1. Just to check your reading of the model, which residue among 315, 253, 265 is closer than 23 Å to residue 240 by Cβ and without any contact (Cβ under 8 Å) to a residue 60 or more places away in the chain?
2. Could you check region 138-163 and list, in sequence order, the residues that are of a type in the set (Phe, Trp, Tyr) and either in contact with a Phe, Trp or Tyr (Cβ under 6 Å, 6 or more places away or on another chain) or assigned to a loop (DSSP other than H, G, I, E, B) (or both)?
3. Of the residues that make up region 66-81, is at least one under 19 Å from residue 179 (Cβ atoms), within 25 Å of the chain's Cα centre (by Cα) and basic (Lys, Arg)?
4. Quickly run through region 8-26 and pick out the residues that are surrounded by 14 or more Cβ atoms within 10 Å (Cβ to Cβ) and either touching a helix residue (DSSP H, G or I) at 6+ places or on another chain (Cβ under 9 Å) or at pLDDT below 95 (or both).
5. Just give me the residues in region 277-312 being touching a residue at least 40 places away in the same chain (Cβ under 8 Å), under 16 Å from residue 240 (Cα atoms) and of a type outside the set (Gly, Ala, Ser), in sequence order.
6. Let me confirm something: among 159, 148, 125, which residue is in contact (Cβ under 8 Å) with a residue 12 or more places away in the chain, in contact with a helix residue (DSSP H, G or I) (Cβ under 9 Å, 6 or more places away or on another chain) and surrounded by fewer than 18 Cβ atoms within 10 Å (Cβ to Cβ)?
7. Please go through (1) of a type in the set (Lys, Arg); (2) under 30 Å from residue 198 (Cβ atoms); (3) at pLDDT 95 or above for residue 322 and return the number of the only condition it doesn't satisfy.
8. When you look at residue 304, is it part of a helix (DSSP H, G or I) and among the acidic types (Asp, Glu), yes or no?
Amino acid sequence: MCLIDNEKNKGFGIGDSPEIIGILLIDGYPIIPFSCVVDSLRAANRLSGETLYEWDYFAPDEQPVAASCRVTVPTRPLKEARNLETLIVVAPNTAQDFDDAATLRLLKALDQQGVNLGSASSGSFVLARAGLLDGCRCTIHWENIPVFKELYPQLEVAFTLYEIDERRFTCSGGIAALDMMLKLIENQYGRELARQISQQFQHDRIRTEIDSQQMADRIDLAMTAPKLIDVINLMENNIEFPLSLPTIAEKCKLSLRQIERLFHKYRGMTPSQYYLSLRLQHAKQLLLNTNRSVIDISIATGFETQSYFTACYRKHFGSSPRSHRSQIAGESKR
């Protein structure tokens, strides 16, 4: 797959033959990212009216593999893979223990042949074990990031939904696999095809590489400041009708001074600034992913007036709500 924007290849036309993609399944693989990978390729073919992609399923050896939900698909041993241009590894979160020497050798050989290598979900563990993510920015599901960093401290690991870097692409799993595939297809065949696929799956917006995994920042806090997580959870559960800081302090059995110290130490801002940021981020998602009016969104995120909401939004994001919505809508039509 084309891993970088290709301005010369916008549109639905293809070369002399379809791209051959291999999907390597590790036993216990999650079904959602697997489905996102396969169905995005299928939809690209159907909506373009061309056979843009062909794919086949592989396993480490002759033994059958099954998804975590026990669904199985026919596979062939990876050693039988021929003429691949791209290989995508789909693996369970236990893949940190995957150490099949033959498979790792085959992955290295495919890399030497110029095959693009990527992962959906915890396939990043397999690529990292083979030494194929060195020097690349990569990602994995937020739950796995602590052990991933411990095992591979030399790697640049991001809390993003997906990463595309040179001939490598990784994602955080789940529906993020769909966003990654849509971006890869967009790079190769243009935004319009990617947008059509997204619409087919009732996926309102193709999330970008800079979108973060929402739970990633909780990992360190769970060990270092669990009380702060309680405060943040309370804030997140009270967006439309924001609680006062004294009320939050009382519910969390903390003093205002303790809450202020926690936010200053672990978030570098005041509790009020953090709460406002949460509400504005929530407003942004409503703005970009629904047709609700600006005034409705301001009410849904706890602002007393639309003018105050607009002023806060502009200060936080550098653009008014209406301008931001128009900008995103314009980009989606390109």
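The values are calculated or read from the model by the stated rules, or taken from the named source; none is laboratory data. Predicted model, so just to flag it, every value in this text is computed and none were measured. FYI the Cβ positions are ideal-geometry reconstructions off the backbone, even for glycines, and counts take in every protein chain you see.
1. On inspection, the qualifying residue turns out to be 315.
2. Step one: filter region 138-163 for residues of a type in the set (Phe, Trp, Tyr), giving 142, 148, 152, 159, 162.
Passing the criteria: 152, 159.
3. Taking region 66-81 as the starting set, the residues that turn out to be under 19 Å from residue 179 (Cβ atoms) are none.
Looking through region 66-81, none of the residues is under 19 Å from residue 179 (Cβ atoms), within 25 Å of the chain's Cα centre (by Cα) and basic (Lys, Arg).
4. Within region 8-26, 9, 10, 12, 14, 18, 19, 21, 22, 23, 24, 25, 26 meet the criteria.
5. Residues satisfying the conditions are 278, 279, 282, 284, 299, 301.
6. Working: 148 fails: surrounded by fewer than 18 Cβ atoms within 10 Å (Cβ to Cβ); 125 fails: surrounded by fewer than 18 Cβ atoms within 10 Å (Cβ to Cβ).
Only one candidate qualifies: 159.
7. Among (1) of a type in the set (Lys, Arg); (2) under 30 Å from residue 198 (Cβ atoms); (3) at pLDDT 95 or above, the lone unmet condition for residue 322 is (3).
8. no
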